[in-house]
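**Student:** This is the structure I have questions about; it appears just below.
Just so it is clear, none of the values below were taken in a lab; they were calculated from the coordinates. Since the structure is predicted, the reported quantities are computational estimates derived from the model, not experimental observations. Here the Cβ is made from the backbone with ideal geometry for all residues, glycine too, and neighbour counts use every protein chain on show.
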């Protein structure tokens, strides 16, 4: 293991949200001297409004989690140094997978979809996830959250004007197949394997990924020689990266990055 400090951040977007949700995060870290990138998922290079106009989008609907993970794996491997990988929701899951493969100098999973084998029967989780899973519906068609579904699954607790602004700015159609794949071996993580530093972040008001599920994710990691940490923020919903208060979380991550010693696999 070789210690180093990475100054490159790879942001990975979650499902149903446009990659421009990272724009303010990128500016924050670039002002601190980091190089940042937040590439959109394949077939999502257009603006959010255009992606909504394309719904139902057969190309987006055909996407699977293994291909999406490989897409970001190739990006991480192509960079001049191992990046810090910061992911939200499914992006947090991918951050954990890539960190397990030794492709990250450090990883941060924000309100992460859990790896295979972790589940909760909490009612809010079941309600928020029912539509995106699209069970008993045609997987060849993308799923587009209604504003009402967005209010419950992402923006609960925010004033309605901010809920509407976030929906108009960031909400996009999604592949049901990718959401379903998160329950399969495509989402597998070896929790016993040594890994580079990992921070999991949860929010007390998240309907989609309850804080208790994030904590269960954290507790699954068992290698005593690896840095694994967990932070829970109060009054944060699943729209945490685009909602007021995101800067507090970004600063917390930066302090954590300053604290830890990054390690690379030889």
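**Student:** If each of residue 5 and residue 137 carries a label point 7 Å out from its Cα toward its Cβ, how far apart are those two points in nm?
**Tutor:** For residue 5 paired with residue 137, the spin-label model returns 4.8 nm.
**Student:** So for the stretch 2-264: antiparallel DSSP bridges make up what percent, rounded to the nearest 5?
**Tutor:** Taking every DSSP beta bridge within the stretch 2-264, about 15 percent pair in antiparallel fashion.
**Student:** On to the next question. Residues in the stretch 62-106, backbone N under 17 Å from the label point at residue 259 (7 Å along the Cα-to-beta-carbon vector): list them, ranges by number please.
**Tutor:** Under 17 Å, as judged by backbone N against the label point of residue 259, lie 106 of the stretch 62-106.
**Student:** Just from the alpha-carbon atoms, what are the Rg and Dmax of the chain in angstroms?
**Tutor:** Cα radius of gyration and Dmax of the chain are 17.1, 50 Å respectively.
**Student:** If you fit an axis through the alpha-carbon atoms of helix 65-78 and take the longest principal axis of the Cα set of the chain, what angle between them do you get, 0 to 90°, nearest 10?
**Tutor:** 40
**Student:** Oh, and also: Sorted from fewest to most neighbouring beta carbons within 10 Å, what does the list 38, 146 look like?
**Tutor:** Values: 38 18, 146 11.
Lowest to highest Cβ neighbour count: 146, 38.
**Student:** Follow-up question, since we're still on this one. Please give the FRET efficiency for residue 234 paired with residue 31, using the beta carbon to beta carbon distance and R0 = 30 Å, rounded to the nearest 0.05.
**Tutor:** 0.65
**Student:** What FRET efficiency do you get for residue 168 and residue 188 if R0 is 41 Å and r is their Cβ-Cβ distance, rounded to the nearest 0.05?
**Tutor:** 0.70
**Student:** Sorted by average packing, counted as other Cβ atoms within 10 angstrom per residue and highest first, what order do 96-107, 22-33 take?
**Tutor:** 96-107, 22-33
**Student:** In deg cm²/dmol, rounded to 500, what helix-only [θ] at 222 nm does the chain give when every DSSP H run of at least 4 residues adds -39500 (n - 2.57) and the total is split over its residues? Intermediate results must be reported in sequence, preceding the final value.
**Tutor:** Numbers: 11 runs with 103 residues, N = 266.
Per the formula, -11000 deg cm²/dmol.
**Student:** While we're on this one: Using the beta-carbon distance between residue 130 and residue 212 and R0 = 22 Å, what value does 1/(1 + (r/R0)^6) give for FRET efficiency, to the nearest 0.05?
**Tutor:** Values: r = 19 Å, r/R0 = 0.86.
That gives a FRET efficiency of 0.70.
**Student:** Where does the stretch 135-266 land on the Kirkwood hydrodynamic radius, alpha-carbon pairs, in angstrom?
**Tutor:** By the Kirkwood definition, the hydrodynamic radius is 17.1 Å.
**Student:** Over the stretch 193-259, calculate the relative contact order: mean separation of alpha carbon pairs under 8 Å at least 6 apart, over the residue count, as a percent.
**Tutor:** The normalised contact order for the stretch 193-259 reaches 38 percent.
**Student:** Between the stretch 183-259 and the stretch 91-144, what's the alpha-carbon centroid distance in Å?
**Tutor:** When both Cα centres are located, 13 Å separates them.
**Student:** In nm, to one decimal, how far is the residue 160 label point from the residue 62 one, both placed 7 Å along Cα→Cβ?
**Tutor:** Once both label points are built, they end up 4.1 nm from each other.
**Student:** Next question, about the same structure. Once you sort the root eigenvalues of the Cα gyration tensor of the stretch 1-84 as a ≥ b ≥ c, which label holds: rounded (a/c under 1.5), prolate (a/b larger than b/c) or oblate (the other case)?
**Tutor:** Here the stretch 1-84 falls in the oblate category.
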